Amino acid sequence: MVNWSGTALHVVSGKGGAGKTTVAASLAMCLARDGRRTLLMEVEGRQGIAQLFDTPPLPYEERRIAIAPGDGEVWALAVDADEALVDYLASFYNLGRAGSAMRKMGAIDFATTLAPGLRDVLLTGKACEVVRRKIKRASNAYDHVIIDAPPTGRIAQFLNVSTQVSALAKTGPIHRHAEMVMGVIGSPQTAVHLVTLLEEMPVQETIDGIRELRSANLPVGAVFVNMVRTPLLDERQSARVRKGTLPKSKIGELAVGAGIRQPAKDVASGLVQEAIDHVRRTDLEAREQERIDELQLPVFTLPYLSQGVALGELYALAETMFDEGIR
Amino acid sequence: MSSFVPNAPVLDLDSIVQDAEVHIIVCTGSGGVGKTTTAAAIALRAAEHGRSVCVLTIDPARRLAQAMGIAELDNTPRPVAGVDTSAGGSLDAMMLDMKRTFDDVVERHADPERAKAILENPFYQSLSSSFAGTQEYMAMEKLGQLHAQAQADGSWDLIVVDTPPSRTALDFLDAPARLGSFLDGRFIRVLSAPARGAGKGIGRLASVGFGFFTSVLSKILGSQVLNDVGSFVAAIDTTFGGFRERADATYALLKDSGTSFVVVAAPESDALREASYFVERLHADGMPLAGLVLNRVQEVSLPKVSREQALAAAEGLAEGDASSRLVASLLQLHADRAATMHRQQQLAARFTSAHAQVPITTVPALAEDVHDLDGLRQIGELLAAD
């Protein structure tokens, strides 16, 4: 059970292919239950959220994309660094038409390319700006902002904007902006979650990522173990598979008797082979699960969905998160 | 015909690794699909088929790197121990050190004093370690270097390259040009003009817009940043001709008929969508595509029994004695795998209906990760087996 009612900003990272976007979207859905409002933010220009919710590409504009159980609302925003810079400049200078002129000249793209940290500060800065609306009780405030963030390998650098920027600008508005961002990201109102699979590489990356986040003083939230298969064999059955004592002829006979119209011998050896593969896999998963448990963080387990993930599955995953105690 | 994707032609990997005309194999695809392992497995198989191979990996898993003897970063290819050289081949491997590659480029082309000035420039330091795209650019740069070395002294007749874990596979092709055009761009030229000598060109280029832009930029970033950029570009510009030309030269190498692209994907919709984009791009740019490697596909040991048949039989057994319940579980397990396989085949078929000519080979999902040469050899067998 976790109580995240005070956690305004959730950053969801993980190894590529582990299901970051799916977990971020389900978390946004889960946290929006019962009349709350959440904002799901995309920062990498992939339009992964639009694909997942099966909506047209998201603009740089907050849009409601789904309703959560109990009158909750999930909103979405695709942040674009170039647009965010124009936005940001407009808040300091009265740009008028100069903003779009600068963009046409390629100046905005130039600026965000020039300073690698600038891009990240603008992206995280947008999230923090939204989070601070809540503090000021603005009418367009959200209870939670969830970022579908860059992968584990880049997450500490992405979030550690003050270090990035201090190498760049020691004073001035960007420096102050970065400090505002760190004030939100480095505080208990933020949690960085990592999504992993029960496989060696993703788990190793998760462990390394947590170490990196901690050494950068960034607040680590939970680990989401994604795509976990339901154990189909119980402990006694698995033990027999390991020992190689499954009764082959009995298996063939029973399966054929139950209507499998194939030679009993083939059926038996096919089923036994699949059971061996399965147990080898679940044993490996169990070892990886132990490594995750050693991290002593809240761990949430999400099921493997053999039919893939669409909107309906997001509701189901959000429900699973709720059942596992996310509030 | 591929057994997993009935309408797709089969990718015959062995004919590619044994084709003496193929000198470069580029493994590409979105993150998390097993590119590095695929590249290493192809390289090992080629070496054991008699080629002199160098494999350039980007970010291998630690245990695999240790097994290949490349856990130490020194940015130079080293012989891999334990390779079967009876066919007359060899395997060298290296892991890309992005910053070091960039430093090498600078040191090779600048006199020591100027090189020192560039290496110490704060803008260079941030560019060489964190510019989005530097890794891709340096992977290409390193490929260009290895290729030049191979041409000059015949160290290798095949280079296998892994590509960085980019947001999209296309980044590998686009990033070098982006970095090149960024460094050759109009704004950076103007910024560096004062450092190159008294106002040369600045009068002509400076417009109201530019003046406004630089003043805003120095306000938000601090004027030191612009100075650093200016002196960096000036220093690098006089030591070796435009970055763009270098990037262009390596890009041209990728279009050469001696290059072969292997697109790697997992049977998931995102990875296959990326693979689709990449295949289209290669086609548009006239780059030679060998085919698609579909990693981690679900296979079943009982292909003739459908999910529905298995579930129906399992239902009849679920209430019986222990043996019956065991068989019910086994049938459910089979039904589960058959469902996964069916979904994956549908996704792959969708790819094939859009790209009917692209040959495919599949590698089944293995229970455990690959940690050693035997594991790579096994992947190589599976890659070649379809």
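The values are calculated or read from the model by the stated rules, or taken from the named source; none is laboratory data. In this text, all values refer to a predicted model and were calculated from it rather than measured experimentally. Note that each Cβ is placed from the backbone with ideal geometry, even for glycine, and that neighbours are counted across all protein chains shown. Protein only, heavy atoms only, side chains kept; ligands, DNA and RNA dropped before computing areas. Shrake-Rupley method; radii C 1.70, N 1.55, O 1.52, S 1.80 Å.
At a glance:
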item: Neighbour cut-off at most 10 other Cβ (10 Å), DSSP loop, GluC sites (Glu not before Pro), the range A:234-284; result: none
item: Using alpha-carbon coordinates, inclination of helix A:20-31 to the longest axis of chain A, degrees; result: 80 degrees
item: Residue mean of other protein chain beta carbons inside 10 Å, A:266-275; result: 6
item: Under 17 Å from A:Lys243, Cα to Cα: aspartates and glutamates that are on another chain or at least 8 residues apart; result: A:Asp234, A:Glu235, A:Glu274, A:Asp277, A:Asp283
item: The protein assembly as shown: antiparallel DSSP beta bridges as a percent of all, rounded to 5; result: 10 percent
item: Among A:Leu27, A:Leu198, A:Leu89, residue whose mean-square fluctuation peaks in a GNM of chain A (springs only between Cα atoms under 10 Å); result: A:Leu89
item: Mean ellipticity per residue at 222 nm, deg cm²/dmol - from DSSP H runs of n ≥ 4 across chain A, formula -39500 (n - 2.57); result: -16500 deg cm²/dmol
item: Accessible area per residue, Å², the protein assembly as shown with all protein chains present, probe 1.4 Å; result: 41 Å²
item: Gap separating the Cα centres of the range A:11-84 and the range B:314-342, nearest whole Å; result: 38 Å
item: Carbon and sulfur %, accessible surface of the range B:232-386 computed with the full protein complex present, 1.4 Å; result: 47 percent
item: For the range B:229-383: relative contact order, % (alpha-carbon pairs under 8 angstrom, 6 or more apart); result: 25 percent
item: Label point distance in nm, B:Ser257-B:Asp12, each placed 7 Å from Cα along Cα→Cβ; result: 1.8 nm
item: For the range A:14-40, residues shielded by at least 50 square angstrom of accessible area compared with the chain on its own, probe 1.4 Å; result: none
item: Accessible-area composition of the range A:174-321, carbon plus sulfur, in percent [1.4 Å probe]; result: 51 percent
item: Rounded to 10°, Cα long-axis angle of helix A:311-323 versus longest principal axis of chain A; result: 80 degrees
item: Buried area at the B-A interface (accessible, heavy atoms, 1.4 Å probe, summed, Å²); result: 5300 Å²
item: Full-stretch length increase - B:Ser3, B:Ser323 - with 0.36 nm per residue and alpha-carbon distance subtracted; result: 111.8 nm
item: Set B:Lys99/B:Lys142; A:Lys20/B:Lys99; A:Lys15/B:Lys99; A:Lys20/B:Lys35; A:Lys265/B:Lys304 screened for pairs whose C-alpha atoms are more than 21 Å apart; result: A:Lys20/B:Lys99; A:Lys15/B:Lys99
item: Amide H contacts of A:Val195 (H built 1.01 Å from N, under 5 Å, at least 5 apart or other chain); result: A:Ser13, A:Gly14, A:Lys15, A:Phe224
item: Cβ-derived FRET efficiency at R0 35 Å, B:His109 paired with B:Ser269, nearest 0.05; result: 0.20
item: Prolate/oblate/rounded label for the protein assembly as shown (Cα gyration tensor, a/c 1.5); result: oblate
